[in-house]
Amino acid sequence: MIRIPRTAAAAALLLALPLSAVATAAPALAAPAPAAASGAPADVHVELPRPTGPFAVGREIVHLVDQNRTDPWVPSAGPRQLMVSMYYPAKPGTGSPAPYMTPEAARLMLDLKLPGNTVPTEAVSGARTWSRTDAAPQHGRFPLIVLSPGFTMPRSELTSLAEDLTSRGYVVALVDHTYENAGTTFPDGHTTTCAACDIPPSEQQRVALNESRAKDVSFVLDRLTDRPHPAWRYAHLIDRSRIGMAGHSLGGAAAVPTMLADPRVRAGANLDGTMNVPVPAGGLGGRPFLMIGHPPAPGQEDPTWTETWAHLDGWKRWLTVAGSNHGTFTDNPVFFETLGMPQPPGTTVAAARGVELTRQYVAAFFDLQLKGVSRPILDGPTPQNPEITFHP
């Protein structure tokens, strides 16, 4: 087990906070770090949970450039550029193992999140995934789900969810929102940093982040569904009539402005994100929406969820996972457990169980809404999942 300095425990707490709380907590965590712990083994091995569906998982990285939009955070960089991991149902036994993320992006993330970091970069960049590069695609057409990560977090934090959805028969576009996370590596080898992190946190900034992400997602959809020249060589796998979006934290909150601006997104899911862009009184045009979150402390309920719930005008579910925290819905707890890092106080859901529950309910939601497949676990509490509470 790796010994983690006290600031690493604080960083684990920071990773477990929603965007609104991070803005308050971050300054306190910026104090000088104590001496780094020693003796961290370089051969620590992190392995993501195996996908549960019948399909093998292929992955390709796509670089997209929006010539019609200047980057909102670093205008001097020119056109907005995005890196997108495309996951697709693949033929088994083809391709080679896909890395979790690049070493430089992993190092920047660790340094940002863990002051005095001693966690070996390879522990993150070398994590075992279940997807394969250059894998031959399956035949057929599949619904498309866009996934968006939390603020300051790389797209790789949702790898377990992306791989599982793909194994169940979806194409997944996992988007890095450039300059909004610790590091995004581009094909020429350069890695950007989190320019948006330097902007003083405010309600205006959070709304701007949401709206920027909505534009990112719509641009990604434009390029993936373009005819006759889509940006991805396997775009023929995408059923353009069945598109959904899900995300964690800010990425989940951004599903609302994305759906308001883009009718192509037929269903949305928010994994524990404060919704700074409200659902209007007129709703989302009857489109379905799923909300999954951790139980708030007494007196700390998120009013944006209550407001959103009241205005949703289509199929809707609000689920709470007992014993979870903000990071439960990502890969982060898998790394915490393997690296010996503490979970935030009150967390009782094990990492693998958090991944399992997130996968089950997100997949069930999209199976119902994009495939028309009945999923009874969405109808109410089940003895198999006692952690799940349904909001009335």
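The values are calculated or read from the model by the stated rules, or taken from the named source; none is laboratory data. In this text, all values refer to a predicted model and were calculated from it rather than measured experimentally. Methodologically, a virtual Cβ is constructed for each residue, glycine included, from the backbone with ideal geometry; neighbour enumeration extends over all protein chains shown.
Summary table
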{"read-out": "Strands (runs of 3 or more DSSP E) (entirely within region 131-191) containing at least 3 residues that are among the β-branched types (Val, Ile, Thr)", "value": "171-176"}
{"read-out": "Within region 117-137, considering residues that are crowded, with 22+ Cβ neighbours inside 10 Å and touching a Gly at 6+ places or on another chain (Cβ under 9 Å), the one nearest to Glu180 (Cα to Cα)", "value": "Ser131"}
{"read-out": "Residue among Gly140, Gly150 that alone is surrounded by fewer than 19 Cβ atoms within 10 Å (Cβ to Cβ) and either more than 27 Å from Gly273 (Cβ to Cβ) or touching a strand residue (DSSP E or B) at 6+ places or on another chain (Cβ under 9 Å) (or both)", "value": "Gly140"}
{"read-out": "Test set (1) surrounded by fewer than 18 Cβ atoms within 10 Å (Cβ to Cβ); (2) under 25 Å from Asn117 (Cα atoms) - Gln384 fails condition number", "value": "(2)"}
{"read-out": "Selected residue (criterion: surrounded by the fewest Cβ atoms within 10 Å (Cβ to Cβ)) from residues of region 269-280 that are in a loop (DSSP other than H, G, I, E, B) and not acidic (Asp, Glu)", "value": "Pro280"}
{"read-out": "Filter result for Met341 (in contact with a helix residue (DSSP H, G or I) (Cβ under 9 Å, 6 or more places away or on another chain) and closer than 21 Å to Leu378 by Cα)", "value": "no"}
{"read-out": "Qualifying positions in region 340-368 - closer than 19 Å to Arg266 by Cα, of a type outside the set (Val, Ile, Thr) and within 20 Å of the chain's Cα centre (by Cα)", "value": "Tyr361, Ala363, Ala364, Phe365, Phe366, Asp367"}
{"read-out": "Given (1) surrounded by fewer than 21 Cβ atoms within 10 Å (Cβ to Cβ); (2) modelled with pLDDT of 95 or more; (3) over 20 Å from the mean Cα position of the chain (by Cα), number of the condition Arg266 does not satisfy", "value": "(3)"}
{"read-out": "Conditions (1) surrounded by fewer than 19 Cβ atoms within 10 Å (Cβ to Cβ); (2) modelled with pLDDT of 95 or more; number of the one not met by Ser85", "value": "(1)"}
{"read-out": "Any hit, region 211-219, residues being touching a residue at least 12 places away in the same chain (Cβ under 8 Å), in a strand (DSSP E or B) and among the β-branched types (Val, Ile, Thr)", "value": "no"}
{"read-out": "Selection status of Gly283, surrounded by fewer than 21 Cβ atoms within 10 Å (Cβ to Cβ) and in contact (Cβ under 8 Å) with a residue 24 or more places away in the chain", "value": "yes"}
